[in-house]
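The values are calculated or read from the model by the stated rules, or taken from the named source; none is laboratory data. Note that the structure is a prediction, hence the values are computed from the model and not measured. Methodologically, a virtual Cβ is constructed for each residue, glycine included, from the backbone with ideal geometry; neighbour enumeration extends over all protein chains shown. For the accessible areas, the whole protein counts, side chains as well, though only heavy atoms, and no ligand, DNA or RNA atoms are used. Shrake-Rupley method; radii C 1.70, N 1.55, O 1.52, S 1.80 Å.
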Amino acid sequence: MSNITPIQVRGHWSSNREKESIECDSRKGALPHAKKETFMITNNFKFSTTFDEADEHLFRQEFQRPSNTYDSDSILIQDVKNVVAFLAPATLMTASLIDFINTETANGLLKALIMYFEYYLKIVEFILIERDVEAADDAQILGIEDIDIRRVYSAHLQQYRLLLAREYSRIILGEGDVKKFYHLRPIVNISKTVYDKYFHESLLAFCTQVVWITMHRRAYDVIDMEMNRLFRSEHFKLTRYPRLKFNKPEGQMLYGPNYKRSNYRIQCSPLIQELNNVSQHNLPILSIGKQKYKGTDLRIRQIEMEFLVDVAQLVLNGISFGILGHPKHLYSTLLKLDWHKVRKHNFSKTYDPYGIFTQPHVKIPTSNEEKLRIYAETYEPDLNVKCQIELWTPEMLRKWKMRDKFIRQFKAKGAFTDIWSKCSKELADTSYGPEVEEIVKKFLADKAKHRKLRQKEISVKAEMPLSDNK
């Protein structure tokens, strides 16, 4: 435990000339007021929303992405996964779920989810603003151009949803690196119904938390409602939000033309409905991430770039998905934005490379954008592509599987003590350590031991043949 550094007391250190000492103005008095919402429930799993100083120190030292990894100074999906995995309850972080979220297929699902919800939240905000405009006294009737732009927004959402459905279908079919998690037992072909149900609920809860933290921890109700609708349909929602009800035109804009509600016995999820009816000009989306697109469709190229390029490089092109790609030093350990540090960078409307100062906005497309896509040409792909994803190492996997035991062991042995307590204990300690005779005796014993080992090595080499000594 000697390699563990003590954690620091949160507060302001100042010098007191009268007492000739250094005093700490601790912030512990404000903690009871800040702990009103210590937990939040997602799919009946209780996630922590904060952790104490000991947990924060342990997370930084053992579970945080190390500085020698790729783009360690930027926030990646792996960083968000680490925070969610550390805050998740023990009932959710099973060994099978930990192995599953460490696969390339699971990372592709999370990337597609973040892309979809980044655009979805903007369209929901656009709808809510239009509600206020229509409720005003000087409201105007929507023109033909406004209706065409709404159709373009709906088409863009449908394209992101199609990419998400492609990633989800790989999990359902048990393809590639998720084959061992398939719900049917081999040979006998009997479904593991109870296990698969619990695994599905755990995965949805984990994905909801990842998306929510990535989106600056805003609009949780909207994210939870849409997440349940995508993977369950509206028949099987666990939580209902009466305030978030969209009328028929708004629902058509958000959910697309393929979404249909039927009897719950034959109802399939909206993601699978997207795969049942794919238009001809959207077919190349199903090959994104597998084959390099060759064609003149600019919209397909845009989606391919967003999905393939690492989020740390997407900000160079003015694209940002929530907090991904942002500098890590602007955020706390919990990946909450530190406005005190942001103010020092003098961001403004003209200089805002990460979209922190400016509000999230959606670009207004041309009204005939989707009509022009019909005339785009698509050629046969001849190159296969593969995303470079950095996963947890086997050592990190063992740590995550023993997370609770690891924390209990560290706290039980008193490894976590704040710097104030450690210094006070050292000042109060009047012992001088072991006696000089004991130190000399131990040194001579170690010296004799090393000399014997060295002489033994020399004698072994002397007995070896000349050719071996060379």
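Scanning segment 191-216 for residues that are charged (D, E, K, R) and open to solvent by 50 Å² or more (accessible area, probe 1.4 Å), we see that the one that is modelled with the lowest pLDDT is 192.
Touching a Gly at 6+ places or on another chain (Cβ under 6 Å) and at pLDDT below 90: is that true of residue 72 in this structure? So residue 72 does not fit the description; no.
Filter segment 140-165 for residues that are charged (D, E, K, R) and under 20 Å from the mean Cα position of the chain (by Cα) and give the result. Explain how you work it out, then say what you get.
The initial filter retains those residues of segment 140-165 that are charged (D, E, K, R), namely 145-146, 148, 150-151, 161.
The answer is 161, and nothing else.
Which is aliphatic (A, V, I, L, M) and under 30 Å from residue 342 (Cα atoms), of 286, 271, 298, 314? Before the answer, list the steps.
Numbers: 286 fails: under 30 Å from residue 342 (Cα atoms); 271 fails: under 30 Å from residue 342 (Cα atoms); 298 fails: under 30 Å from residue 342 (Cα atoms).
The match here is 314.
For residue 379, only one of the following conditions fails: (1) open to solvent by 30 Å² or more (accessible area, probe 1.4 Å); (2) under 30 Å from residue 130 (Cβ atoms); (3) touching a residue at least 12 places away in the same chain (Cβ under 8 Å). What is its number? Of everything listed in (1) open to solvent by 30 Å² or more (accessible area, probe 1.4 Å); (2) under 30 Å from residue 130 (Cβ atoms); (3) touching a residue at least 12 places away in the same chain (Cβ under 8 Å), residue 379 misses just condition (2). Here residue 438 does not fit the description of being modelled with pLDDT under 80 and open to solvent by 90 Å² or more (accessible area, probe 1.4 Å).
Among the residues that make up segment 235-242, is at least one of them under 28 Å from residue 312 (Cα atoms) and in a helix (DSSP H, G or I)? Checked segment 235-242: no residue is under 28 Å from residue 312 (Cα atoms) and in a helix (DSSP H, G or I).
Only one entry of 306, 369, 390 meets the criterion of being in contact (Cβ under 8 Å) with a residue 40 or more places away in the chain, acidic (Asp, Glu) and open to solvent by less than 40 Å² (accessible area, probe 1.4 Å), and that entry is 306.
There is at least one residue in segment 287-295 that is under 29 Å from the mean Cα position of the chain (by Cα), open to solvent by less than 50 Å² (accessible area, probe 1.4 Å) and of a type in the set (Val, Ile, Thr).
If you go through segment 32-66 and keep only what is part of a loop (DSSP other than H, G, I, E, B), at pLDDT below 85 and either of a type in the set (Ser, Thr, Tyr) or touching a Pro at 6+ places or on another chain (Cβ under 9 Å) (or both), you end up with just 38.
Considering only residues in segment 256-273 that are part of a helix (DSSP H, G or I) and touching a residue at least 24 places away in the same chain (Cβ under 8 Å), the one that is most open to solvent (accessible area, probe 1.4 Å) turns out to be 272. Filter segment 434-448 for residues that are charged (D, E, K, R) and within 52 Å of the chain's Cα centre (by Cα) and give the result. If the condition is that a residue be charged (D, E, K, R) and within 52 Å of the chain's Cα centre (by Cα), then 442, 446 are the ones that fit. From the list 148, 132, exactly one residue is of a type outside the set (A, V, I, L, M, F, W, C) and farther than 19 Å from residue 256 by Cα. Which is it? Within the list 148, 132, the selection yields 132.
What's the total number of residues in segment 274-320 that are part of a helix (DSSP H, G or I) and either of a type outside the set (Phe, Trp, Tyr) or at pLDDT below 90 (or both)? Qualifying residue count for the region: 28.
For segment 68-185, please list each of the helices (runs of 4 or more DSSP H) lying entirely inside it that holds at least 1 residues being aliphatic (A, V, I, L, M), surrounded by fewer than 16 Cβ atoms within 10 Å (Cβ to Cβ) and without any contact (Cβ under 8 Å) to a residue 24 or more places away in the chain. Full working, then the answer.
Values: elements: 77-87, 95-100, 104-135, 144-173.
The qualifying helices (runs of 4 or more DSSP H) are 104-135, 144-173.
Close Cβ contacts (under 6 Å, 6 or more residues apart or on different chains) running from residues in segment 213-240 that are at negative phi and without any contact (Cβ under 8 Å) to a residue 60 or more places away in the chain to residues that are surrounded by 15 or more Cβ atoms within 10 Å (Cβ to Cβ) and outside any helix (DSSP H, G or I) comprise 235/267. Residue check: residue 248 meets all listed conditions (1) surrounded by 12 or more Cβ atoms within 10 Å (Cβ to Cβ); (2) without any contact (Cβ under 8 Å) to a residue 40 or more places away in the chain but one, namely (1).
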